[in-house]
Structure formats: structure tokens, C-alpha cells
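Let me begin by presenting the structure, written as C-alpha cells, before commenting on it.
The values are calculated or read from the model by the stated rules, or taken from the named source; none is laboratory data. Since the structure is predicted, the reported quantities are computational estimates derived from the model, not experimental observations. Cβ placement follows ideal geometry from the backbone for every residue including glycine, while neighbour counts extend to all protein chains displayed.
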Amino acid sequence: MKRLLFVVAIFFAAVLANAQDAESAKPGVVYGTVSEKGNPIDINKIEGSLQANKFTGKVQGKVVEVCQAMGCWAKLQRADGSTVMIKVNEHEFAMPKDIVGRTVVAEGEAEYKETSVKQLKHYAEDAGKSKEEIKKITQPKKEITMTISGVKVVE
């Protein structure tokens, strides 16, 4: 049992170290993998690109929020004020905190999903929101979520 706890502790330490040591978000830096093939669509056009509730490919947008705990998700701003959540598949890589404000290309698969209140509160905690802000989350949210294989910083 002690060995198992030790292995689990080492795993979490490695994940946290990876998130904290992620290379600074400078133009050209890639987190995960992003193919050179194909052009990204603007994040504002993702809704029109969903076919049978799915989109596979690349999107480009500005990061307005990132997970402060492990760099495992970020939100891309849309012109209407809404955001699209991009989530790292199985914590395969981490994005740094200084990616906020950067324009990125994210590659993966997007779909409309309903995010539960419990999950929304978890994301709010990860984002460093106050307890008061978290308490205000009382309804699930139907939103576009993209599971990504990688992100490339454009500017």
C-alpha cells in the first residue's frame, strides 16, 4: 500500500512539475502535437462547421482563460462574448499560465456538450475563481467543447 501511495505521489508531482515548467507561451511554441496540414478556421465559425454535432480539425482564437492548477484546459474567446473550452486529452501536456492573451491554433475534435454544475464548479476552482463566484453556478451549461491533441502559439 505504501508503494502504491508513493507511485501516485510521484505521478502527481510529475504532472504538477510539467504544468509549472511548461515552456513560456511564445510565438511558434507547440504544446502537444499540431499537424502542419490544413488551415485553421476562426473560432467564431466553429458552430457552422459542426456536422452531426462534430468538428475535427484546427481552430484559431485568443486565449482568455487557462487552468491555473495544471494547464489542462483553456478558453478561446468568441466575438459574441461566449467562449469555447479546449481541453487537453488525458492530461497529455500542459499549457502555461502565460498563454492567456495569446492567439493560438488548437487541433482536435469539438462537439456540443452539456457541462454539469459539478464540472463547471471544478473548472471555476481550477481558474482561481472566488468562493462567491463558484456558489453562483447553479445550472448546467450547453457549450462547444474541444478535446485537443495540441496547441500552437501564433502571436
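Being assigned to a strand (DSSP E or B), under 26 Å from Ser35 (Cα atoms) and without any contact (Cβ under 8 Å) to a residue 40 or more places away in the chain, is that true of even one residue in the range 113-130? Yes - at least one qualifying residue is present in the range 113-130. Taking the range 82-97 as the range and being surrounded by 17 or more Cβ atoms within 10 Å (Cβ to Cβ) and either over 11 Å from Cys67 (Cβ atoms) or out of contact with any Gly (no Cβ under 9 Å at 6 or more places or on another chain) (or both) as the test, the residues that pass are Thr83, Val84, Met85, Phe93. The residues of the range 32-58 that are crowded, with 17+ Cβ neighbours inside 10 Å and farther than 25 Å from Pro96 by Cα amount to a single one, Phe55. Screening Phe12, Phe6 for residues that are farther than 24 Å from Tyr123 by Cβ and either at pLDDT 85 or above or not in a loop (DSSP other than H, G, I, E, B) (or both) leaves exactly one candidate, Phe6. Here the range 103-133 is the region considered, the condition is being of a type outside the set (A, V, I, L, M, F, W, C) and under 13 Å from the mean Cα position of the chain (by Cα), and the residue that is nearest to Asn53 (Cα to Cα) is Glu109. Residue count for the range 83-107 under the criterion of being farther than 16 Å from Val63 by Cα and either of a type in the set (Asp, Glu) or not in a loop (DSSP other than H, G, I, E, B) (or both): the result is 4. Going residue by residue through the range 119-139, is there one that turns out to be loosely packed, with under 14 Cβ neighbours inside 10 Å and under 21 Å from Val59 (Cβ atoms)? Looking through the range 119-139, none of the residues is loosely packed, with under 14 Cβ neighbours inside 10 Å and under 21 Å from Val59 (Cβ atoms).
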